[in-house]
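Working notes, beginning with the structure itself.
The values are calculated or read from the model by the stated rules, or taken from the named source; none is laboratory data. Every value quoted in this text rests on a predicted model; they were computed, and no experiment measured them. In this analysis, Cβ positions are derived from the backbone assuming ideal geometry, glycine residues included, and neighbour counts consider all displayed protein chains.
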Amino acid sequence: MGMPDSRLILPDEDATRALAAAIAAKARPGDVLLLSGPLGAGKTSFARAFIRACAGVPDLEVPSPTFTLVQGYETPVGLVSHYDLWRLDGSLGLAELGWDDALAGIVLVEWPDRLGGLTPPDALHIRLSLAGQGREIELSGETRWFDAS
């Protein structure tokens, strides 16, 4: 069970949304997606498109959890928890944010470097960076994310 890597250039926001939807179609409870990259690279845009795809609601309101740190969404594929750990500090641990319970569903994490030792070993890593007018995305994770089916 290798850890394939894939690098994609997404020319525009539509391409980002399409990739998020394709990944959402494979996601199932127990999956953790780690979104990393600099500010403004599109982590929240990706998360928003992913959550909307899971929910099957194209215009679902998906606020950034920058201040709440976590937002939960009941979807047909189960609970999707969207964490933004940018503001996480030691005094407010992940336990208080329902981390253990969230892992029973699908979890998206922005700023996953804050997870430290709690980083799930089988998570899908999604690194975003700006590339001209679009984005470059590097994916690494289990083989099933890359299967054509």
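One table, with the values for the structure above:
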read-out: Region 33-90 - residue that is more than 18 Å from Arg135 (Cβ to Cβ) and of a type in the set (S, T, N, Q) and, of those, surrounded by the most Cβ atoms within 10 Å (Cβ to Cβ); value: Ser81
read-out: Tally, over region 115-139, of residues that are outside any strand (DSSP E or B) and buried (at least 18 other Cβ atoms within 10 Å of the Cβ); value: 2
read-out: Qualifying residue in region 100-110 (condition: touching a strand residue (DSSP E or B) at 6+ places or on another chain (Cβ under 9 Å), touching a residue at least 60 places away in the same chain (Cβ under 8 Å), surrounded by fewer than 17 Cβ atoms within 10 Å (Cβ to Cβ) and not in a helix (DSSP H, G or I)); value: yes
read-out: All positions within region 82-99 that are in a loop (DSSP other than H, G, I, E, B) and hydroxyl-bearing (Ser, Thr, Tyr); value: Ser91
read-out: Boolean, Ala41 is touching a residue at least 12 places away in the same chain (Cβ under 8 Å), at negative phi and under 10 Å from the mean Cα position of the chain (by Cα); value: no
read-out: Residues satisfying the stated conditions in region 26-53, i.e. more than 12 Å from Ser81 (Cα to Cα) and among the aromatic types (Phe, Trp, Tyr); value: Phe46
read-out: Strands (runs of 3 or more DSSP E) contained in region 3-81 and holding at least 2 residues of a type in the set (Ser, Thr, Tyr) and modelled with pLDDT of 95 or more; value: 70-75
